[in-house]
1. Taking the Cα-to-Cβ direction at Q75 and at E396 and moving 7 Å from each Cα, how far apart do the two end points lie in nm?
2. In Å², and per residue, what accessible area does the chain have when probed at 1.4 Å with the other protein chains present?
3. Return the percentage of antiparallel bridges among DSSP beta bridges fully within the chain, rounded to the nearest 5 %.
4. What is the set of long-range amide H partners of Y3 at a cut-off below 5 Å, with H atoms built 1.01 Å from backbone N?
5. Working out 0.36 nm times the residue gap between F385 and N282, then minus their Cα-Cα distance, what length gain in nm do you get to one decimal?
6. Provide the net charge surrounding C481, with neighbours chosen by a C-beta distance below 13 Å and charges set as Lys +1, Arg +1, Asp -1, Glu -1.
7. Using modelled amide H (1.01 Å from N, peptide plane; none on Pro or chain starts), what sits under 5 Å from the amide H of D490, excluding residues fewer than 5 places away?
8. Give me the distance between the Cα centres of region 54-109 and region 127-169, rounded to whole Å.
Amino acid sequence: MKYFNIAGPCNSLEHYMIDSSSRLQGVEQLIDREQYFVIHAARQSGKTTYLKDLTKRLNAEGRYYALYCSLESVQNIIKPEEGIPAVIRSLYSFLKYTAIPNTGRFVSDADYADYNNVLRTSLTDYCMVLDKPLVIFFDEADCLSDDTLILFLGQLRAGYNERSTTPFVHSVALVGMRNIRDYKARIRPDSETLGSVSPFNIVTESLTLKNFTKEEITQLYKQHTDETGQVFEEDAIEWVWEQTQGQPWLVNAIAREVIEKILHSDYTKPVTAERVNDAIQNIILTRPTHIDSLLERLKEDRVRRIIEPMILGEEFINKESDDFLYTRDLGLIRTVHARIEPANPIYAEVIVRKLSSNTQEALENPKYPYQMPRYLKDGRIDMDFLMRDFQQFWRENSEIWEERFDYREAAPHLVMMAFLQRVVNGGGQIIREMASGSGRLDLCLVYENRKYPIELKIRYGKKYPEEGLTQTARYMDVHDCKEGWLVVFDRRTSIKWSDKIYLKKKTVDGKTVTVVGV
């Protein structure tokens with residue numbers, strides 16, 4: 001019986017899967033035109049599955065010899081005199097297990113000492129003994145070290161330019177997380193050059209493997225239904241789509257979690273939205289390898305320079321910068337209506353939990369006692385009590401917590417969210433809405449089907465963020481609430497705590513906004 005795969009490439013005999021060709025158009029046309037091109041997408045989005053399927057299909061059609069080659073084993077080799085021979089060895093290790101003829105001829109005369117030319121000459125010599133054009137898909141191409149990458153591309157360029165007179169590879173795809181222009185940006189600023197010719201100018205197209213659409217999620221889950229009879233209810237599929245935005249690994253992981261771990265492969269039970277939500281929470285809490293390795297990137301300065309202003313809602317993120325392109329290509333963020341936001345709500349949640357995890361752990365210390373009933377009154381959260389509790393906590397501990405954060409500018413927001421996380425642990429939920437350019441962070445506490453909208457803003461100078469009142473009122477409209485809370489962190493060092501801390505009730509468009517000064 002097939003299953004939902006979350007480890008490695010998919011194959012149609014064992015796994016439920018969507019035909020990858022539907023997610024990437026025009027590749028075979030580029031191959032027919034003898035083009036060199038790039039395919040890029042975030043990790044765990046199906047690139048390798050696509051490449052292996054395409055390789056198999058091209059070889060079956062018989063017009064080309066197609067070769068898949070991963071360069072992952074070369075990533076830790078810094079020196080090009082070692083890196084280029086390692087690329088050739090990788091090519092041979094993949095080639096020798098194919099039905100492509102004359103594999104022994106590929107490395108028989110390789111002169112590794114001439115590392116500036118050996119890749120080009122080896123490919124030329126091999127193409128001369130083949131009776132069909134050769135197509136190569138270089139997976140993980142962006143893991144090559146800078147100098148090795150330049151020399152690798154330079155030798156491909158040399159062979160590409162001489163194809164009219166000397167045999168060479170018919171078509172090449174460079175596949176990884178990054179666009180080719182981002183390779184160039186990584187290696188040198190635009191003000192610098194790599195000599196009289198650029199090895200990057202052989203690439204004619206850069207293609208992106210897209211996430212699943214909602215319709216493709218439905219098709220994927222229907223494969224399981226057709227085989228087992230187990231139904232995915234419509235609102236369950238809608239919730240998967242909303243929470244994952246079609247990220248393939250998450251779509252598969254949620255289905256696997258529900259079917260195998262929550263319902264214990266009892267196919268008589270339908271997959272409901274409630275069960276999907278349970279699966280999502282399990283994935284967030286256990287942080288499988290894919291998510292954990294992604295979150296490790298948050299420690300990198302270039303990622304912090306994008307994620308931190310996004311949390312704060314700031315506008316000055318440069319979408320042309322290598323930092324932005326790198327973070328986007330990791331799959332951590334996306335652009336929606338000119339604003340930068342987390343790639344999906346699940347990633348938004350795990351990003352915040354990762355960044356505030358030390359604070360959450362510390363808050364479990366008996367020094368900071370917490371019992372959910374303290375904040376409850378007639379089945380509702382007593383938000384004024386909760387906010388006063390936070391004011392006191394922030395006043396006593398803000399300097400300590402700020403020193404602990406790599407994301408120091410976002411420390412107030414992260415500490416507040418860690419503090420509110422205890423409400424979640426008491427059976428509630430937090431809806432987080434982060435986006436650059438919004439000028440704030442919106443949160444909505446949900447407990448016993450009641451919603452408590454909260455907006456966080458920072459005050460640096462004399463100007464009071466009056467727009468926060470109307471922004472909070474609009475956010476309250478989104479959740480159909482008559483009461484909301486605007487938390488203003490006063491970062492001015494000249495102001496005494498007694499002036500920073502207050503609770504004020506304001507009326508905006510008939511709604512009550514409690515302004516919480518901290």
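The values are calculated or read from the model by the stated rules, or taken from the named source; none is laboratory data. Just so it is clear, the model here is predicted, and its values are computed rather than measured. Here Cβ is always computed from backbone atoms with ideal geometry, including for glycine, and neighbour counts include all displayed protein chains. Surface accessibility is based on the protein's heavy atoms, side chains included, excluding ligands, DNA and RNA. Shrake-Rupley method; radii C 1.70, N 1.55, O 1.52, S 1.80 Å.
1. So the label points at Q75 and E396 sit 4.5 nm apart.
2. 46
3. Given both bridge residues lie in the chain, the antiparallel proportion sits at roughly 40 percent.
4. H15, Y16
5. Answer, rounded to one decimal: 34.0 nm.
6. 0
7. R459, V518
8. Going from one Cα centre to the other spans 11 Å.
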